[in-house]
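Read the structure below first, then the notes.
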Amino acid sequence: MLTFYNGSGSPYSWRVWLALEHKQIPYEIKMLSFSAGDLKTSEYLEINPRSRVPAIREGAFTLFESVAIVEYLDEAYRGGSPLFPGDAKRRALVRRLVQEADQYYAVAMERIVDQVLFTPQDRWDHAAIAAARSGLAEELRRWENYAGGAYLAGGEPTAADFTLYPLLALTRRMEKRKPDINLSGMTGPRVAAWIGRMESLPTVAKTWPPHWKTG
């Protein structure tokens, strides 16, 4: 059976978890603790020498990097709903959206994450946070134009949706620590409706980060 190494709250791990559930792939989950140093153990470093999540192991085969894992799952497990559906052009669209989410939205988001989640509040760089927030606002305006259908690339969820949604969810969670990030105030009606559709999916409810359920 495939083993999935996850870290609660990591949007990159979450996309893999969503992909596993979407394709109904049997798996065993190992939830790793960032604070306990689980990613630094010799056992895990043999699986991912970069000491990050996600990763998977299937017999002697190991793989890390979320984009590679999601593509592998879609190619190796043909059953279930595809993550990259349709003809070559539509699959290329899905891959482009994945790249845009990772190369643009995630970059701005990570700048806020570094400040709000990993820096003591008395050392926050408010200018850096404001600049990153401006980048997020610009990206959300762009995604508002993309979100014209039920899902980002058509009538059913794809790898694009499972990439962007966890990034947005993490940004929304940061509002608890810094309410003036105000992601909801930057979110247009199309993206807001898409978020609602995503959050109604059973796969999202089943894979909700465990520690988010308690705080």
task = Considering every residue within region 117-131, establish whether at least one is under 20 Å from the mean Cα position of the chain (by Cα) and open to solvent by less than 30 Å² (accessible area, probe 1.4 Å).
result = no
task = Can you confirm whether region 102-116 contains a residue that is open to solvent by 10 Å² or more (accessible area, probe 1.4 Å), more than 24 Å from Glu71 (Cα to Cα) and in contact (Cβ under 8 Å) with a residue 40 or more places away in the chain?
result = no
remark   = Among the residues of region 57-84, the number that are under 17 Å from the mean Cα position of the chain (by Cα), part of a helix (DSSP H, G or I) and among the hydrophobic types (A, V, I, L, M, F, W, C) is 5
query = Where residues in region 66-78 are of a type outside the set (A, V, I, L, M, F, W, C) and more than 15 Å from Trp17 (Cβ to Cβ), which of them is surrounded by the most Cβ atoms within 10 Å (Cβ to Cβ)?
reply = Glu71
ask   = Could you give every pair whose Cβ atoms fall below 7 Å, whose first residue belongs to region 164-180 and is part of a helix (DSSP H, G or I), and whose second residue is open to solvent by 40 Å² or more (accessible area, probe 1.4 Å), counting only separations of at least 6 or pairs across chains?
value = Met174/Leu117
inquiry  = List the residue pairs whose Cβ atoms are under 6 Å apart, where the first residue sits in region 70-83 and is at pLDDT below 95, the second is open to solvent by 50 Å² or more (accessible area, probe 1.4 Å), and the two are 6 or more positions apart or on different chains.
reply    = Gly80/Gln24
note = Taking region 1-51 and keeping only residues that are in contact with a helix residue (DSSP H, G or I) (Cβ under 7 Å, 6 or more places away or on another chain), of a type in the set (Ser, Thr, Tyr) and open to solvent by 10 Å² or more (accessible area, probe 1.4 Å), one is left with Ser8, Tyr12, Tyr27, Ser51
Of residues in region 180-215 being under 25 Å from Ala132 (Cα atoms) and among the aromatic types (Phe, Trp, Tyr), the one most open to solvent (accessible area, probe 1.4 Å) = Trp212
message = Looking at the structure I just gave you, is Ser81 among the polar types (S, T, N, Q), farther than 28 Å from Gly188 by Cα, surrounded by fewer than 19 Cβ atoms within 10 Å (Cβ to Cβ) and touching a His at 6+ places or on another chain (Cβ under 9 Å)?
response = yes
Residue satisfying all of: in region 183-205; in contact (Cβ under 8 Å) with a residue 12 or more places away in the chain and not in a helix (DSSP H, G or I); farthest from Asp102 (Cα to Cα) among these = Leu201
task = Scan region 102-146 residue by residue and report those that are of a type outside the set (S, T, N, Q) and within 14 Å of Thr163 (Cα to Cα).
result = Asp102, Tyr104, Tyr105, Ala106, Val107, Met109, Trp143
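So which of Leu136, Leu93 is in contact (Cβ under 8 Å) with a residue 12 or more places away in the chain and surrounded by fewer than 20 Cβ atoms within 10 Å (Cβ to Cβ)?
Leu93
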inquiry  = Among the residues that make up region 119-132, is at least one of them within 20 Å of Trp14 (Cα to Cα), of a type outside the set (Gly, Ala, Ser) and out of contact with any Asp or Glu (no Cβ under 8 Å at 6 or more places or on another chain)?
reply    = no
inquiry  = I'm trying to understand the selection: among the residues of region 148-163, which are open to solvent by less than 10 Å² (accessible area, probe 1.4 Å), in contact (Cβ under 8 Å) with a residue 40 or more places away in the chain and either within 14 Å of Thr207 (Cα to Cα) or in contact with a strand residue (DSSP E or B) (Cβ under 7 Å, 6 or more places away or on another chain) (or both)?
reply    = Thr158, Phe162, Thr163
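The values are calculated or read from the model by the stated rules, or taken from the named source; none is laboratory data. Just so you know, these numbers come straight off a predicted model, no measurement behind them. Here the Cβ is made from the backbone with ideal geometry for all residues, glycine too, and neighbour counts use every protein chain on show. The protein model used for the area step is the full one, side chains on, heavy atoms only, and it has no ligands, DNA or RNA in it. Shrake-Rupley method; radii C 1.70, N 1.55, O 1.52, S 1.80 Å.
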